[in-house]
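Throughout, read-outs are computed from the coordinates displayed, never taken from laboratory work. Note that this is a predicted model, so its numbers are computed, not measured.
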Amino acid sequence: MQTGTIKRLTDRGFGFIAVEGNDKDLFFHSNELKDVKFEELKEGDKVQFEVTSSPKGDNATNVSRADATGAPAAKEASAPKAEATDAPAAE
């Protein structure tokens, strides 16, 4: 898998990934996301992906968020939230 950085996102469900050493950014579509939703991505996020060729050029597929080292980002566990109460503490 390769790694890159989200360079641009559109409101139409696709974006572009900058890959270090490449002059041309890779196109990706939200259908190619794995373990992340399009709405959760931000420009500047590190991602990992595979590259496939199409008639219009290379595309990123199997795109997932990566941490700063390029490894897949760990899934955040949903910890139960403590309930806030207005009651005074028991003495």
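Amide hydrogen proximity for Lys34: with H placed 1.01 Å from N in the peptide plane, the residues at 5 or more positions away or on another chain lying under 5 Å are Val63, Ser64. The alpha carbon gyration tensor of the range 2-65 gives principal lengths a ≥ b ≥ c with a/c below 1.5, which makes the shape rounded. Couplings 3J(HN,Hα) of the range 47-55, computed from phi: 9, 10, 6, 10, 10, 10, 9, 9, x Hz, in residue order, whole Hz [Karplus 6.51 cos²θ - 1.76 cosθ + 1.60, θ = phi - 60°; x for Gly and Pro].
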